[in-house]
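Laboratory data are not the source of any read-out in this text; all were calculated from the coordinates shown. These numbers come from a predicted model, not from an experiment. Here Cβ is always computed from backbone atoms with ideal geometry, including for glycine, and neighbour counts include all displayed protein chains.
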């Protein structure tokens with residue numbers, strides 16, 4: 001198992017390099033000019049100097065190499081310095097945002113907690129709702145609960161978040177006035193009252209994202225449970241007099257969780273992607289919203305870094321899913 | 001041989017009743033499909049909405065772009081049921097927007113754009129996915145690299161890349177093909193190019209299993225060329241997974257297009273699509289909730305219908321489930 005993990009880790013390096021190259025070339029091909037905002041009175045030779053200061057004068061492969069060095073070598077050093085108080089990265093060129101002229105990673109680090117709170121919590125909530133629904137609908141297949149559950153998950157699967165978001169805002173913020181429609185990220189939780197405000201403002205974005213997760217996961221859970229409920233070992237377990245609860249909740253559930261857990265791991269990156277829309281609807285200033293503003297402002301280093309962070313998430317969670325599958329299912333041996 | 005004498009010793013072997021007409025595969029599929037209520041509804045709704053957006057402009061002949069400032073901000077006719085003072089009128093059954101453009105006409109025009117993008121992107125994704133899948137399943141030499149390539153594309157962050165591609169390539173395509181045409185080409189190609197991977201994997205798996213079967217060996221032994229084997233023998237056998245992933249592809253393409261429009265990187269502002277109509281109305285949805293809800297419901301119902309259709313097709317096309 002360890003050799004498999006190491007092999008996968010090594011294989012993921014060329015994958016990530018390829019992805020970074022694709023993103024880089026895409027951004028290079030793009031016609032946007034970062035100097036477009038500079039006033040026309042600035043003479044062309046000064047503009048050329050400014051362009052060089054942004055690192056744009058060099059050939060493409062040099063730019064790509066510099067970006068790789070900055071991202072994979074200097075940024076980790078900065079992180080290391082930050083943790084241990086050393087000064088490896090002193091005076092080295094970091095990835096600089098063209099919008100704010102400050103290091104990209106500093107801004108990303110400021111924005112990530114908001115995204116993680118909303119996205120992570122919604123994922124947990126979605127899983128907690130989806131699993132019981134899936135288990136019970138499989139156990140009572142074709143019952144009223146199963147039929148309605150399947151119907152509701154199908155609806156949750158089909159309604160896009162940019163529709164549920166405004167819909168919830170109209171119903172719960174405008175008509176009923178229960179929750180705020182805008183997520184206030186400057187809010188600090190100090191006592192019970194402020195925690196309550198934080199809780200209220202998180203309900204709607206979390207629920208919008210959780211609906212998508214729930215819809216997908218409960219379908220997987222149901223079909224996985226159905227596959228296992230018909231197996232011989234279930235009959236054996238019942239025949240030897242085990243309680244029904246033990247049969248379903250221990251024997252069947254543990255076996256059905258194997259594919260579901262990999263699906264949960266695989267779904268993490270896509271929920272980050274979905275968060276771009278939800279963040280936009282509820283005005284959460286997380287990394288999805290950061291990506292959008294950077295795109296509109298033609299801030300290429302920022303876009304490049306953020307897109308690449310999304311790619312790292314995908315590759316990482318694919319790897320986690322593969323490894324988990326091998327760890328959980330003793331029938332699967334990669335070596 | 002066919003002598004029907006009473007003493008015929010072979011009488012027991014002959015059919016007592018005339019043989020039934022042979023049943024085709026597609027009749028079986030239809031019989032199974034009929035039992036899936038959701039799929040029937042979904043397919044029916046998809047046909048209805050497609051016909052509505054195609055024929056709609058000929059029946060409701062109002063120009064969706066026509067500004068009518070005197071009749072701006074009208075409410076839909078049903079609002080008059082509970083609010084007699086609301087500004088309604090039968091000549092604008094679903095109301096008008098803040099510039100007096102007719103919402104019904106806009107919904108029809110927007111549906112045209114959304115459905116066209118959805119269908120075109122789906123067909124593109126299917127073409128790429130099927131060809132990659134067939135080539136990679138049939139030709140051993142291509143398999144390794146094509147599948148590595150598919151894995152790589154699968155690990156690309158799709159939505160961020162879509163946003164990047166659409167924002168950055170908008171201008172040159174607009175200059176070459178006009179604002180609407182350029183955007184249509186761009187959105188269809190980026191959605192198509194980023195959603196073919198599942199189809200390719202499924203088709204490859206099926207082709208790998210099929211090409212070891214005897215009928216392929218027989219075809220090859222009489223000298224059928226690879227191209228003819230693929231066209232005559234393999235493709236008809238993988239049509240069912242392709243159809244199922246086609247429905248899923250249509251649903252994702254419609255949602256992706258609407259999401260891009262919603263985030264403000266879709267079609268130009270005067271060109272309605274469902275996602276754009278929804279996004280433009282979010283600002284004033286407190287006063288005019290119907291402008292958000294109507295396009296939203298249309299998107300959701302279409303996608304729901306397509307998903308149910310896919311569910312039913314999967315059941316109907318799987319011979320192991322069929323007949324149960």
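Things to note:
- Only helices enter this figure: runs of n ≥ 4 DSSP H residues, each worth -39500 (n - 2.57), summed and divided by the residues of the protein assembly as shown, yield -22000 deg cm²/dmol at 222 nm to the nearest 500.
- Sequence of B:311, B:8, B:28 once ranked by neighbouring C-beta atoms within 10 Å, starting from the fewest: B:8, B:28, B:311
- Between 0 and 90°, nearest 10: helix B:37-59 axis offset from chain B longest Cα axis: 50
- Chain A: angle of helix A:60-69 to the longest principal axis, Cα-based, in degrees nearest 10: 60
- When chain B is treated as a GNM with alpha-carbon contacts under 10 Å, the residue of B:189, B:269, B:136 showing the greatest mean-square fluctuation is B:269.
- When chain B is treated as a GNM with alpha-carbon contacts under 10 Å, the residue of B:66, B:211, B:20 showing the greatest mean-square fluctuation is B:20.
- Its alpha carbons considered, chain A gives a radius of gyration followed by a Dmax of 24.5, 89 Å.
- Max mean-square fluctuation residue, GNM over chain A, Cα-Cα springs under 10 Å, options A:49, A:66, A:283: A:49
- Going from the fewest other Cβ atoms within 10 Å to the most, the residues A:251, A:82, A:61 appear in the order A:61, A:82, A:251.
- Taken residue by residue and averaged, Cβ atoms of other chains lying within 10 Å of the Cβ of A:306-312 number 4.
- Spherically averaged projected area in nm², based on the convex hull that wraps the Cα atoms of segment B:252-317: 4.8
- Calculated FRET value between residue A:144 and residue A:232, using beta carbons and R₀ = 41 Å, to 0.05: 0.90
- Partner shielding of A:283-290 amounts to 1, given as the average count of beta-carbon atoms from other chains within 10 Å of each residue beta-carbon.
- Partner chain coverage, peptide A:161-173 - average Cβ within 10 angstrom: 5
- The value obtained for the protein assembly as shown, namely the Cα convex hull volume divided by the number of residues, is 278 Å³ per residue.
- Taking the C-alpha atoms only, the angle from helix A:75-84 to the longest principal axis of chain A is near 80 degrees.
- Rg [Å, one decimal], Dmax [Å, integer] - segment B:126-166, C-alpha atoms: 12.4, 36
- With neighbour counts taken as other beta-carbon atoms within 10 Å, the residues B:233, A:187 rank, fewest first, as A:187, B:233.
- Shape call, chain B: gyration tensor on alpha carbons, a/c limit 1.5: oblate
- Shape call, segment B:127-269: gyration tensor on alpha carbons, a/c limit 1.5: prolate
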